[in-house]
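**Student:** Okay, here's the structure, questions in a sec.
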Amino acid sequence: MMLALEVVPLPVTNVDRALAFYTERAGFNLDVDYRPTPEFRVVQLTPPGSRCSVHLVTSDAPDRVRNLCLVTPDLATERAALIARGIVVGEVRHKDPVETWAGGWSQGLDPQRRDYASFADFTDPDGNTWTLQERGHRAP
């Protein structure tokens, strides 16, 4: 058996504003922007390097998606790129201690750059939250 998560619905209040945020600032790729009628539109975006996409879904409900994970081999570089494109990204933090982690954090990147140890967060204009997570870092 194989199950692959391919699309996550992402609730937004304004599809055009969200589309601009994700393509121009977050660097997502536009897969589909299909609008056969004024009442029906499908917008699908994919983060670079990902196999899973998001559908922008119009919703005035207050519910939002929390802690979607974007994995990167270089958290510091990706965070800097997002900030340069105008996204407010939280400070980097790492699990502490990593070996027996019980929810504690320290500031900055994990000194050993271990997989799944370092994180930073950002929020889209509608309140959906994303967590950047480092995995696969290789020192130059």
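**Student:** Examine the range 62-85 for a residue that is surrounded by 13 or more Cβ atoms within 10 Å (Cβ to Cβ) and touching a His at 6+ places or on another chain (Cβ under 7 Å), and state whether such a residue exists.
**Tutor:** Within the range 62-85, one or more residues are surrounded by 13 or more Cβ atoms within 10 Å (Cβ to Cβ) and touching a His at 6+ places or on another chain (Cβ under 7 Å).
**Student:** Could you grab me the full set of residues in the range 100-123 that are at negative phi, out of contact with any Leu (no Cβ under 8 Å at 6 or more places or on another chain) and hydroxyl-bearing (Ser, Thr, Tyr)?
**Tutor:** Once the filter is applied, which keeps residues that are at negative phi, out of contact with any Leu (no Cβ under 8 Å at 6 or more places or on another chain) and hydroxyl-bearing (Ser, Thr, Tyr), the range 100-123 yields Thr100, Ser106, Thr123.
**Student:** While we're on this one: Which condition from (1) touching a residue at least 12 places away in the same chain (Cβ under 8 Å); (2) among the hydrophobic types (A, V, I, L, M, F, W, C); (3) surrounded by 12 or more Cβ atoms within 10 Å (Cβ to Cβ) is the one that Ala4 breaks?
**Tutor:** Against the list (1) touching a residue at least 12 places away in the same chain (Cβ under 8 Å); (2) among the hydrophobic types (A, V, I, L, M, F, W, C); (3) surrounded by 12 or more Cβ atoms within 10 Å (Cβ to Cβ), Ala4 comes up short only on (3).
**Student:** Quick one: Tyr34 ticks every box in (1) hydroxyl-bearing (Ser, Thr, Tyr); (2) within 27 Å of Ala139 (Cα to Cα); (3) modelled with pLDDT of 95 or more except a single one, so which number is it?
**Tutor:** Tyr34 satisfies all of (1) hydroxyl-bearing (Ser, Thr, Tyr); (2) within 27 Å of Ala139 (Cα to Cα); (3) modelled with pLDDT of 95 or more except (2).
**Student:** Counting residues that are under 25 Å from Ser59 (Cα atoms) and modelled with pLDDT of 95 or more, which strands (runs of 3 or more DSSP E) fully inside the range 86-140 reach at least 3?
**Tutor:** Working: elements: 93-95, 105-107, 118-123, 129-134.
Passing ranges, in order: 118-123, 129-134.
**Student:** Could you please find all residues in the range 42-59 being within 15 Å of Val7 (Cβ to Cβ) and either among the charged types (D, E, K, R) or not in a strand (DSSP E or B) (or both)?
**Tutor:** Step one: list which residues in the range 42-59 are within 15 Å of Val7 (Cβ to Cβ), which gives 42-47, 50-57.
Matches in the range 42-59: Pro47, Ser50, Arg51, Cys52.
The values are calculated or read from the model by the stated rules, or taken from the named source; none is laboratory data. Here the structure is a predicted model, which means the values were calculated and not measured. Because the Cβ atoms are built from the backbone with ideal geometry, glycine has one as well, and the counts that use them run over all protein chains shown.
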